[in-house]
Amino acid sequence: MPTPFDLTDRVALVTGAGRGIGREIARTLADAGADIVAVGQTAEGLEEAAAEVRQRGRRGLAVVADVSDSLQVDAAVERAIGEFGRIDILVNAAGIARHSASEETSDDDWRRIIAVNLDGTYWCCRAVGRHMLERGSGAIVNIASMSGSIVNVPQPQAAYNASKAAVIQLTRSLASEWASRGVRVNSVSPGYIATAMTELGLKPHPDWRATWLAMTPMGRLGNPVDVAYAVWYLASDASAFATGTDLIVDGGYTVR
Ligand code: NAP
């Protein structure tokens, strides 16, 4: 019997699908029945993601695009619609993190973080949102972060924190504009998740791990699938009355 979580024959475009959280989201949505357009910069990971989707009996397509470039985003969305006919679900998981003291952060680092995390999320919402509004239906899930509402320690990462706070407020703004036209927009805010992004931060600073775990009431890093299940809920009809919400998945970090 179909449940409201069933995504059979829906088409989902997932950015950052080549690895980490985005890759797990692609697998999870495919397991729920969706066809997947995997978008990112590195062809190899995207091709692997698309192959995993096809192994699950769904259609999988890899499309290379830098989400910080609106022309590349528009072209990727056009290609996805050309190949699969429509997009029902958009998940914006592409993102980057860099650590530097604010007084030393370069123009290039600041611009790149905002360009990928904030501009990229907006370009994708705009391109896919136009298409969803035309069809009168769609669900968008933006991967924000608990860093959008708390300040992580000990690592300095003001640009990242600001970009994620902006993603949460962008999500709420789009939700308000598009709610009456059938398009829902929500975000998921992970705490520390075991991915390459986290490992990259820990490599030069292994001592940060103890602080992160001590500040996470569950005492562990999350797994990408912990985030993917939250995305599944917000992408599916199970969340039909939810829009503009930020679902925090952080092992309890933000309750303290
Ligand atoms: P990750 O393993 O570093 O993966 C990031 C993904 O984003 C990669 O697939 C990467 O693909 C893609 N990407 C980066 N820049 C891109 C660009 N300009 N255009 C297209 N794709 C781009 O990181 P993750 O941990 O899975 O993070 C996924 C999302 O969750 C990010 O938005 C991150 O901020 C958020 N998040 C992560 C954590 C955590 O603890 N890991 C916590 C909170 C929020 P390429 O390598 O091909 O560029």
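The values are calculated or read from the model by the stated rules, or taken from the named source; none is laboratory data. Predicted, not measured: the structure shown is a model, and the values here were computed from it. All Cβ positions, glycine included, derive from the backbone under ideal geometry; neighbour counts span all protein chains shown. Quick note on the areas: whole protein, heavy atoms, side chains included, nothing else; ligands and nucleic acids left out. Shrake-Rupley method; radii C 1.70, N 1.55, O 1.52, S 1.80 Å.
Observations on the structure shown:
- The string of couplings for region 11-16 from the Karplus curve (6.51, -1.76, 1.60, θ = phi - 60°) is 10, 10, 9, 10, 8, x Hz, one whole number per residue in order, with x for Gly and Pro.
- Dimensions of the chain based on its C-alpha atoms, expressed as ranges along the principal axes with the largest first, amount to 47, 40, 38 Å.
- Assigned charges on the beta-carbon of Lys, Arg, Asp, Glu; region 1-49 dipole about Cα centre (debye): 160
- In this structure the chain gives 45 Å² per residue of accessible area when probed at 1.4 Å with all protein chains present.
- Packing here is the average count of other Cβ atoms within 10 Å per residue, and on that basis the peptides 209-222, 30-43, highest first, run 30-43, 209-222.
- Long-range amide H partners of Ile140 with built H, under 5 Å: Leu90, Arg184, Val185, Asn186
- Karplus 3J(HN,Hα) series, Hz, for region 213-218 with 6.51 cos²θ - 1.76 cosθ + 1.60 (x for Gly, Pro): 5, 5, 8, 9, x, 6
- All Cα pairs of region 33-183, percent lying beyond 22 Å: 45
- Cα gyration tensor shape for region 53-101, rounded if a/c is under 1.5, else prolate or oblate: oblate
- Overall form of region 108-178 per C-alpha gyration tensor (a/c, 1.5; a/b vs b/c): prolate
- Relative packing of 174-182, 64-72, which averages over residues the other C-beta atoms within 10 Å, highest first: 64-72, 174-182
- Candidates Ile113, Ile81, Ile150: whichever shows maximal mean-square fluctuation once the chain is modelled as a Gaussian network with Cα springs under 10 Å: Ile150
- Tensor-based shape of region 1-116 (alpha-carbon gyration tensor, a/c under 1.5 rounded, otherwise prolate or oblate): prolate
- For the peptides 84-92, 133-141, residues were scored by their other Cβ atoms within 10 Å and the scores averaged per peptide; the highest-first order is 84-92, 133-141.
- Backbone HN-Hα couplings from phi across region 32-39 [Karplus 6.51/-1.76/1.60, Hz, Gly and Pro as x]: 7, x, 7, 7, 10, 9, 9, 10
- Test item: Cα-centred dipole of region 1-140, Lys/Arg +1 and Asp/Glu -1 on Cβ, debye: 520
- For Gly222, the amide hydrogen comes within under 5 Å of the amide hydrogens of Tyr192, Ile193, Ala194, counting only partners 5 or more places away or on other chains and with H modelled in the peptide plane.
- Share of carbon and sulfur in the accessible area of region 157-256 stands at 58%, probe radius 1.4 Å.
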